[in-house]
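Contents: one structure, followed by commentary.
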Amino acid sequence: MGKKLTARSEDYSKWYNELVVKADLAENSAVRGCMVIKPYGYAIWEKMQAQLDKMFKETGHQNAYFPLFVPKSLFEAEEKNAEGFAKECAVVTHYRLKNNPDEPGKLMVDPDAKLDEELVVRPTSEAIIWNTYKNWVQSYRDLPILINQWANVVRWEMRTRLFLRTAEFLWQEGHTAHATKQEALDEAMQMNNIYATFAEEFMAIPVVKGSKTENERFAGAEETYCIEALMQDGKALQAGTSHFLGQNFAKAFDVKFASKEGGLEHVWATSWGVSTRLMGALIMTHSDDNGLVLPPNLAPIQVVIVPIYKSEDQLDQISKVANQLASDLRAKGISVKYDDRDTQKPGWKFAQYELQGVPVRLAIGPKDIKKGTVELARRDLLTKEFVNQDEVVEKVNGLMTEMQDSLFEKAKSFRDLHITEVDSFDEFKKVLKEKGGFISAHWDGSPETENKIKELTKATIRCVPFNQEKEEGSCVLTGKPSSQRVLFAKAY
């Protein structure tokens, strides 16, 4: 099949890139830095999207859609936000092409079609959304506004990697407006908790919930909450963020409301989002040298049935059993594919579905028909066993939960083993070099120290964990007083 992957221990980055392509998740496109998400990869994203969308709606949010283009003057309105994204913006300057008189058959930008004002291709939508909210909010009765948008954004990246960092990517972005500061803070925390629940219960990825330092905050935010995950190579990955924006955008776009008391006040804001970067997190948390490993909750195909036969009569007999099993499994809410294609041999199919991370594979041959059994293979453990046909449905149904839990516990054990407390900078550097993972260390709270540690080690403060107990200590670099440990790591 030519499907063999580079071992993770040999070259983790190469393993990741090969896996994304060979498992038919995505590929590079003709547009530099942009990817094509292939049907199998998109099917996983659709399952993520469906679950998150359900969770958003259960908490009162509604979906809407806003323009892809943002007039430069609107983008500039909130200075910190504009400054933070300025270097990543793609900009539309003209609205028309024309035939090139010097090169027949070629096109050129029409110099007469220059826009009166440049349009920024959205790197994030706060500007266009808050300009819109100005028209939607007059009174406290109009609040809260709880809006989510499923969209694409463009951030002009120089170094790109499929799913992890691309110039264009898919995401959702929530943008909410509230009458009080506390409501907005509660909203930002609620959404961060939803992201954590989704990551742990559906992606089977353990995460650390915390807040970002001032250096690492979203541009224009007063607080950024986050969930941080740990990949198998010991690097951290920011899996989701939720921002308390204070009144910065309300003031920039003059969004005011008449309060119950009769005064005129600026609203309070949040924004929050996750992207197709979650696909990268899913791949790197669970997969192995044989390919993708998917938690059942997000697998597009949870069970595949492969017939093994030599004659059409054998296939007919097997198909009756297989189709009945497929029907019974679907009745339990399990997605099933019966692969009776005659264009590929069973061994090829086994290798393909192993590479693509299908949780359970059932194989049925003439001997199984006689014995009333089915061969069941688990993708997570790479084990095989024979199961009676009348027990298969219940067995597989139970495995869906068992495998989901097992993948989470395996990832959690790895994560917990790779949180290391250090008290000196020499220890810090040694752990970073030899072990990796999260380093729990004291920090004096200054951006200067944070920047110096990043400069010396390439490690950043991933978060100030919410569940970290206060503990007096000395900064790992400067020796100055510190009231709490924070988590450092090298990150994607």
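Data table
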item	result
Candidate set from the range 52-67 (those that are touching a Phe, Trp or Tyr at 6+ places or on another chain (Cβ under 8 Å) and open to solvent by less than 50 Å² (accessible area, probe 1.4 Å)); member that is nearest to ASN131 (Cα to Cα)	ASP53
Filter pass, LYS349 being within 34 Å of the chain's Cα centre (by Cα) and at pLDDT 95 or above	yes
In the range 179-202, the residues that are surrounded by fewer than 23 Cβ atoms within 10 Å (Cβ to Cβ) and either in a strand (DSSP E or B) or hydroxyl-bearing (Ser, Thr, Tyr) (or both)	THR180, THR197
Looking only at the range 327-355, and only at residues there that are in contact with a Pro (Cβ under 9 Å, 6 or more places away or on another chain) and open to solvent by less than 20 Å² (accessible area, probe 1.4 Å), the one that is farthest from PRO295 (Cα to Cα)	ASP339
Residues (in a strand (DSSP E or B) and either over 30 Å from LYS458 (Cβ atoms) or open to solvent by 60 Å² or more (accessible area, probe 1.4 Å) (or both)) located in the range 375-433	GLU375, LEU376, ALA377, ARG378, THR383, LYS384, GLU385, PHE386, VAL387, ASN388, ILE419, GLU421
Residue that is most open to solvent (accessible area, probe 1.4 Å) [pool: residues in the range 458-492 that are among the polar types (S, T, N, Q) and under 21 Å from ARG217 (Cβ atoms)]	ASN467
Residue in the range 467-479 that is within 27 Å of the chain's Cα centre (by Cα), within 24 Å of PHE414 (Cβ to Cβ) and at pLDDT below 95 present	yes
Test set (1) open to solvent by less than 10 Å² (accessible area, probe 1.4 Å); (2) under 17 Å from the mean Cα position of the chain (by Cα) - GLY220 fails condition number	(2)
Residue ID - most open to solvent (accessible area, probe 1.4 Å), chosen from residues in the range 135-168 that are part of a loop (DSSP other than H, G, I, E, B) and either charged (D, E, K, R) or farther than 24 Å from LEU52 by Cα (or both)	ARG159
Residue ranges of strands (runs of 3 or more DSSP E) in the range 68-115 with at least 1 members farther than 22 Å from GLN149 by Cα and open to solvent by less than 80 Å² (accessible area, probe 1.4 Å)	90-94, 97-99, 107-109
Residues of the range 291-303 that turn out to be in a strand (DSSP E or B) and either more than 19 Å from LEU376 (Cα to Cα) or out of contact with any Pro (no Cβ under 9 Å at 6 or more places or on another chain) (or both), as a count	1
Set LYS367, LYS310, LYS337: member being farther than 26 Å from SER287 by Cβ, outside any helix (DSSP H, G or I) and not hydrophobic (A, V, I, L, M, F, W, C)	LYS310
Tally of residues being more than 15 Å from LYS412 (Cβ to Cβ) and part of a loop (DSSP other than H, G, I, E, B) across the range 203-224	8
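This table checks each residue for (1) outside any loop (DSSP other than H, G, I, E, B); (2) exposed (fewer than 13 other Cβ atoms within 10 Å of the Cβ); (3) out of contact with any Lys or Arg (no Cβ under 7 Å at 6 or more places or on another chain).
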| residue | (1), (2), (3) |
| --- | --- |
| THR6 | no, no, no |
| SER9 | no, yes, yes |
| TYR16 | yes, no, yes |
| VAL20 | yes, no, yes |
| VAL31 | no, yes, yes |
| TYR40 | yes, no, yes |
| ILE44 | yes, no, yes |
| LYS47 | yes, no, yes |
| ALA50 | yes, yes, yes |
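The values are calculated or read from the model by the stated rules, or taken from the named source; none is laboratory data. Treat the numbers as computed from the prediction; the structure is a model and nothing was measured. Every residue, glycine as well, gets a Cβ built from its backbone with ideal geometry; the counts of neighbours run over all protein chains shown. In case anyone asks, the SASA skips ligands and DNA or RNA and just uses the protein heavy atoms, side chains included. Shrake-Rupley method; radii C 1.70, N 1.55, O 1.52, S 1.80 Å.
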